[in-house]
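Below: the structure, in structure tokens.
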Amino acid sequence: MDTKLISPPKSPAYKALLRAGPNLKPLQQVHAHIVVSGSHRSRSLLTKLLTLACEAGSILYTHRLFFSVPNPDSFLFNSVIKCSSKFGFPQHTVFFYHTMLGFRIPPSSYTFTSVIKACADLSALGLGKGVHSHVVVCGCGSESFVQAALVSFYSKCGEFGVARKVFDKMPERTVVGWNSMISGYEQNGFSREAIELFNEMKELRVEPDSTAFVSVLAACSQLGALALGCSVHDEVTKKGLYINVALGTSLINMYARCGNVSKAREVFDSMNERNVITWTAMISGYATNGYGTQAMELFAEMRAHGPRPNTVTFVAVLAACAHTGLVKEGRQVYASMRQEYGLVPGVEHHVCQVDMLGRAGLLNEAYQFIKELSPGEAAPPLWTAMLGACKMHKNIDIGVTVAEHLLEVEPENPGHYVMLSNIYALAGRMDRVEMVRNMMKGRSLRKRVGYSTIDVNQKTYLFSMGDKSHSETNEIYQYLDELIWRCREAGYAPERESVMHEVEEEEREYALRYHSEKLAIAFGLLKTKDVEAIRIVKNLRMCEDCHSAIKFISVVTKREIIVRDKLRFHHFKDGSCSCLDYW
DNA sequence: GTAGGGTTAG
């Protein structure tokens, strides 16, 4: 018989607390009983009550309970520090930590782990450094739990070198220690380093757990590395790991962000537990891949039997409406945010609305929307969305006004200059184009360099515009020229080079035909078999000329081409694109 | 006579 079952019975009051659980009203009722029965002097009961109150989300009640105890001991302090950190009240954790020090109660490694986590949640670098010194003084510097927390803290504060230093000095690296560093890399955008470290860990015979897989899958998502992501999924399956919510969601996100939506849906359907994040990931996956209708269907299902949507869910749904031209639906969804769910739309939601109206050609309405929303100064992202719409619909007048305004407010943002110069180019005002370029140069603003990557035989190849660094450069350029020629025969008309149509900041001195995505596609076509789809990841948005050219390439080569750009996916097949040219 | 930590997903 299990010995745990014959542990001594708890007091009735304690059992009542357990029954109440982390629910405020029942807890307060039990509290009243405790007071009436005179057992409110019991530390143990109050400690349990306090942690449950905190878990219930009432930090106020937690404070009241804490200060009802005359001489709090280290046990009570550690409890309140731990639960406030765990249940999302990091600033209170710091407060209780300072109070503890004021009471001259020595902190332990248990105290430190919670406090460091709180500092990480607050991104409070200075504060955390102070705690770190204290850790060393107290002789807790070599505790593996404390070290893992420190690694995570430093990387969340962007102090990468320090995080790595702490990691390198760990005497014994638990899987959690590795995970801290791997996720640190991943969250700071160093996906390749994250994957490298993951492999290094396995070589040292540390078994990855589901958390490790979550991080490495996130790294694959960032890179758009489908083949690698699939092999990680295989590994998860072979290990027989249970697909918990985080792992499943991470898989969905990986497949969606690598362009394989149906596989993402397969994972979604196979999961035992799903939460808001899971649903949002799937909806957003549909939205970014151009499946607006499916996104709306899943959202309807979520409203009917899924978890309650939150503000992030609404960003995904509104983006789906904007990108698919579902104006009527978008208006309804936007209104329902407040009316049905009591959620307050934020800047991201407003941007989606402006984007939606603007793309649909309702420029005046979009303009009105911004004006009514912010009688004073509107947020730059709203004007940026408006500007995109002006360029799309070639509305030079509003476009120039908006762009000039943006240049005033954000003179450091190179994107605004590029947009303005593009609008001038559209209007044929080449003198103005030159002027804007000179302004940029004068302010020594650098444009972002565009590049595209493609994976062939598990190797990643990177191309930038006019790139000639590749060993097979001649072959690639020759093939691309031939390809473009075949496209022209099929009806492709390149954009006139005198008009700069590039959405992003690529040099116009280079011919449009050597944009990085075209180079990567040519390389992919040369190197892979006829049946495979070509998958490209681009760091910026695609220009209209490339978009049009790739449609023709998909016809003349009879290949499916999938391009992930900065914002979303383009699935090219038989001469059309999943974005329906509405991007 | 009270618990037990650090890492993870949109």
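Principal-axis analysis of the Cα atoms of chain A puts helix A:43-55 at an angle of about 20° to the longest axis.
Of all DSSP bridge pairs formed entirely within chain A, close to 80 percent run antiparallel.
So with the 1.4 Å probe, I'd like the accessible area per residue for chain A, rounded to whole Å². The answer is 48 Å² per residue. Between A:GLU560 and A:ALA227, the simple spin-label model (points 7 angstrom out along Cα→Cβ) gives 1.8 nm. Amide H contacts under 5 Å for A:LEU540: A:TYR451, A:LYS566, restricted to partners 5 or more places along the chain or on a different chain, H placed in the peptide plane at 1.01 Å from N. Placing unit charges on the Cβ atoms of the charged side chains and taking the dipole of segment A:451-577 about its Cα centre, the candidate lying farthest along the positive direction among A:TYR477, A:THR460, A:GLY491 is A:THR460.
Once the C-beta distance of A:TYR341 and A:SER262 is scaled by a Förster radius of 35 Å, the resulting FRET efficiency is 0.75 to the nearest 0.05. Mind checking segment A:510-561 for GluC sites (Glu not before Pro) that DSSP puts in a loop (not H, G, I, E or B) and that have at most 13 other Cβ atoms within 10 Å? The qualifying sites are A:GLU532. Full extension of the chain between A:ARG19 and A:SER576 gives 194.5 nm of extra length, using 0.36 nm per residue less the Cα-Cα distance.
Maximal additional length on extending the A:THR293-A:CYS138 stretch stands at 49.9 nm, based on 0.36 nm per residue less the C-alpha distance. Let me know the whole percent of all Cα-Cα pairs from segment A:346-447 that are separated by more than 22 Å. Value for segment A:346-447: 27 percent of Cα pairs lie more than 22 Å apart. Take the cross-link list A:LYS391/A:LYS551; A:LYS263/A:LYS527; A:LYS263/A:LYS529 and give me the ones stretching past 31 Å between alpha-carbons. Flagged as over cut-off: nothing, all pairs pass.
Give me the net charge of A:ARG192's neighbourhood, meaning all other residues with Cβ under 14 Å from the Cβ of A:ARG192; Lys, Arg count +1, Asp, Glu -1.
Numbers: positive: A:LYS459; negative: A:GLU186, A:GLU193, A:GLU196, A:GLU200, A:ASP455.
Counting the neighbours of A:ARG192, the net charge comes to -4.
Candidates A:GLY184, A:ASN413, A:SER152 compared by Cα position along the dipole of chain A: farthest toward the positive end lies A:SER152, with charges placed on Cβ.
Note on surface exposure: A:ARG568, A:ARG303 rank A:ARG303, A:ARG568 by accessible area, highest first, 1.4 Å probe. Sorting A:20-29, A:199-208 by their mean Cβ neighbour count within 10 Å, with the most densely packed peptide first, gives A:20-29, A:199-208.
What is the packing order of peptides A:269-281, A:433-445, taking the mean over residues of other C-beta atoms within 10 Å and listing the highest first? Walk me through the numbers on the way to the answer.
On the way: A:269-281: 16.9, A:433-445: 14.2.
Highest mean packing first, the order is A:269-281, A:433-445.
FRET efficiency for the A:SER37 to A:GLU372 pair, using the beta carbon distance and R₀ = 41 Å, is estimated at 0.10. Can you give the angle from 0 to 90° between the axis of helix A:396-409 and the longest principal axis of chain A, with both taken from C-alpha atoms, to the nearest 10? It works out to around 40 degrees.
Residue by residue, segment A:169-178 carries 3J(HN,Hα) couplings of 8, 4, x, 10, 9, 6, 4, 5, x, 4 Hz when phi is fed to the Karplus relation 6.51 cos²θ - 1.76 cosθ + 1.60 (θ = phi - 60°); x denotes Gly or Pro. Calculated mean residue ellipticity at 222 nm for chain A: -20000 deg cm²/dmol, from DSSP H runs with n ≥ 4 weighted as -39500 (n - 2.57), summed, divided by the residue count and rounded to 500. Mean separation of Cα pairs under 8 Å and 6 or more residues apart, divided by the residue count, gives chain A a relative contact order of 7 percent.
Which of the peptides A:358-367, A:485-494, A:233-242 is most tightly packed, and how do the rest follow, judged by the mean count of other Cβ atoms within 10 Å per residue? Write out the running numbers ahead of the final one.
Details: A:358-367: 19.0, A:485-494: 14.1, A:233-242: 12.6.
Averaged packing, sorted descending, gives the order A:358-367, A:485-494, A:233-242.
Suppose R0 equals 56 Å. What FRET efficiency, 1/(1 + (r/R0)^6) with r the Cβ-Cβ distance, do A:SER123 and A:ASN474 give to the nearest 0.05? The formula returns an efficiency of 0.65 here. Spatially, segment A:530-583 and segment A:151-229 are offset by 32 Å when compared through their Cα centroids. Round to the nearest 10 and give me the degree value, 0 to 90, for the angle of helix A:210-223's Cα axis relative to the longest principal axis of chain A. That works out to roughly 20 degrees. Applying the criteria of a DSSP loop state and at most 13 other Cβ atoms within 10 Å to the trypsin sites (Lys or Arg not before Pro) of segment A:15-115 yields A:ARG104.
With +1 on the Cβ of every Lys and Arg and -1 on the Cβ of every Asp and Glu, and nothing else charged, how large is the dipole of segment A:346-447 about its Cα centre, in debye rounded to the nearest 20?
520 debye
Placing +1 on the Cβ of each Lys and Arg and -1 on the Cβ of each Asp and Glu in chain A, which of A:THR278, A:SER58, A:VAL136 has its Cα farthest towards the positive end of the resulting dipole? The residue sitting most towards the positive pole is A:SER58. For segment A:264-328, a crude dipole built from +1 on the beta carbon of Lys and Arg and -1 on the beta carbon of Asp and Glu, taken about the Cα centre, is about 220 debye to the nearest 20. Extending 7 Å from the Cα toward the beta-carbon at both A:ASP269 and A:ALA427 defines two label points whose distance is 5.3 nm. Counting other C-beta atoms within 10 Å, and keeping those with at most 14, which DSSP coil chymotrypsin sites (Phe, Trp or Tyr not before Pro) do you find in segment A:34-140? Answer by residue number: A:PHE103. In terms of its C-alpha gyration tensor, segment A:10-70 comes out oblate, because a/c is 1.5 or above while a/b does not outweigh b/c.
Partners of A:LYS202 within straight-line reach, counting lysines whose Cα lies under 22 Å from its Cα and excluding those fewer than 8 residues away in the same chain: A:LYS165, A:LYS169, A:LYS238, A:LYS239, A:LYS459.
So what is the relative contact order for segment A:30-152, in percent, with contacts set as C-alpha pairs under 8 Å and at least six apart?
Details: 113 pairs, mean separation 22.0, N = 123.
The value is 18 percent.
For A:SER262, the solvent-accessible surface computed with a 1.4 Å probe is close to 80 Å², ligands and nucleic acids excluded.
Taking label positions 7 Å along the Cα-Cβ direction at both A:THR401 and A:VAL531, the computed distance is 5.8 nm, reported to one decimal. If the segment from A:SER108 to A:GLU482 were pulled out straight at 0.36 nm per residue, it would be longer than the present Cα-Cα gap by 127.6 nm.
Hey, got the dipole for segment A:451-577? About the Cα centre, +1 on K and R Cβ, -1 on D and E Cβ, debye to the nearest 20? Walk me through the intermediate numbers first.
Numbers: 20 positive and 23 negative charges, 97 e Å.
Here the size comes out at about 460 debye.
Checking the cross-link pairs A:LYS25/A:LYS48; A:LYS394/A:LYS468; A:LYS117/A:LYS538 against a 27 Å limit on the alpha carbon distance flags A:LYS394/A:LYS468; A:LYS117/A:LYS538 as lying beyond it.
The values are calculated or read from the model by the stated rules, or taken from the named source; none is laboratory data. Predicted model, so just to flag it, every value in this text is computed and none were measured. When we count neighbours, we look across all protein chains shown, and the Cβ atoms used for this are built from the backbone with ideal geometry, even at glycine. These accessible areas exclude ligands, DNA and RNA; they are computed on the full protein's heavy atoms, side chains included. Shrake-Rupley method; radii C 1.70, N 1.55, O 1.52, S 1.80 Å.
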